[in-house]
Amino acid sequence: MLVGAFACAHTPQLLARPETEDRELVLRVHAAFARVKRRLEALRPDAIAMIAGDHIEAFFLSAVPALAVYVGTECAGTFGRYRYRFPIHEPLARALVEAGIERGFDLVYTQDAPLDYAFYVPLHFTMPEPSVPLVPLHVNVYLPPQPTPKRCYEWGRALGEILGSRSERVVLMASGGMSHFPGTDRYASPEFDYDRRLLDLLSAGRSRELAAVTAEELDRAGNIELRTWITLLGAVGDAKADVYCYEPSWHHGNAVVEWPLAVT
Amino acid sequence: MVHYRFPPASAYRLNRCLFALKSDDAFRSRFRADARAAMREMGLDDADAAALLRGERDALVARGAHPYLVFMADLRLRMEREAVTFEYF
């Protein structure tokens, strides 16, 4: 069953803390992450199914899956001096692939891919101890043509139904966003107004409307990673978002959000 | 798409080199020790190699490099060269 749903920024500067950053802003995001960690401890999940956009890390141009599931016993990665490794909930990961394929989603699965920092940054701050087994769910966000927002929403709806039929207590977590433009002239001028309008929409429970946004709109708004959120939104339906924080830094709209669900 | 475009096949080797700089610690070490040799290993042509050596983002992107790969390859190199500027607080 699905017991919790969260979205978290994974801005690497939150972890690396270079001198370019506003210390107080970073610490406010850390405080929001700490709230998520306390909620995870209270929700007692058997697994965290985490949806992250691949930062051309698990997959390069040898094969670019739109949607993929990591099905292994553990998963590891590195970022700078950080070396991390998490157990995988293999039975649940396998069930998601099998049930997803059965429902018409041509999922890729992998048993050998590094774990991107998009997974690690939020988990560094929010993972309860001992570690809850993970199910990494990949969405192609950086290599066009990416899956459409509509397709992401549909995959999320299927995920919600599949998880709803399972006995395990599962938390869904989307990693990514909000507006940022790495590697472009827009890096220092994200679309904060777009983010705020979006958070208002989500707080009002109008998440369905995001399934209709276009790839062009996401690209223009620096929100290509929002596909991970849109996937999660398919699973949480019309639940209203509780925005823990929205912290616009000079390069990122950092948001931490929970969708409180009726089940406990 | 305005910001992130389909990576042209003509830029495959350049993107592969940037990917390795981002994600392959051993390759990044070889690049830091001898950039020209590392780029030869990746099969970069002279124009790609010159743009990468000069760190010209716009030139690299114009040649088909993915902007995120350019960004993160540069960041990973700087994290090693200037480690002192990280974990500042």
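The values are calculated or read from the model by the stated rules, or taken from the named source; none is laboratory data. Source: prediction; values computed, not measured. Positions of Cβ are backbone-derived with ideal geometry, glycine not excepted, and every protein chain shown enters the neighbour counts.
Overview of results
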read-out	value
Selection count, segment A:207-216, where residues are away from chain B (no Cβ under 11 Å) and among the charged types (D, E, K, R)	2
Residues located in segment A:1-14, provided they are within 20 Å of A:Arg38 (Cα to Cα) and either assigned to a strand (DSSP E or B) or within 9 Å of chain B (Cβ to nearest Cβ) (or both)	A:Leu2, A:Val3, A:Gly4, A:Ala5, A:Phe6, A:Ala7, A:Cys8
Yes/no for A:Ala241 being aliphatic (A, V, I, L, M), crowded, with 21+ Cβ neighbours inside 10 Å and more than 19 Å from A:Ala118 (Cβ to Cβ)	yes
Residue in segment B:2-10 that is aromatic (Phe, Trp, Tyr), within 12 Å of chain A (Cβ to nearest Cβ) and in contact with a helix residue (DSSP H, G or I) (Cβ under 9 Å, 6 or more places away or on another chain) present	yes
Options A:Met173, A:Met178, A:Met127; residue that is more than 14 Å from chain B (Cβ to nearest Cβ) and either surrounded by fewer than 17 Cβ atoms within 10 Å (Cβ to Cβ) or more than 17 Å from A:Tyr70 (Cβ to Cβ) (or both)	A:Met178
Residue count for segment B:40-74, restricted to those that are facing chain A (nearest Cβ under 10 Å), free of Cβ contacts under 8 Å to residues at least 12 places away in the same chain and aliphatic (A, V, I, L, M)	1
Restricting segment A:182-193 to residues that are out of contact with any Asp or Glu (no Cβ under 9 Å at 6 or more places or on another chain) and within 14 Å of chain B (Cβ to nearest Cβ), the residue that is nearest to A:Ala241 (Cα to Cα)	A:Glu191
Answer from A:Pro91, A:Pro45, A:Pro65 - the residue that is more than 14 Å from chain B (Cβ to nearest Cβ) and under 29 Å from B:Met72 (Cβ atoms)	A:Pro65
Qualifying residue in segment A:214-233 (condition: in a strand (DSSP E or B) and modelled with pLDDT of 95 or more)	no
Whichever residue in segment B:20-39 is crowded, with 21+ Cβ neighbours inside 10 Å and touching a helix residue (DSSP H, G or I) at 6+ places or on another chain (Cβ under 7 Å) and, among such residues, is nearest to the other protein chains (Cβ to nearest Cβ)	B:Lys22
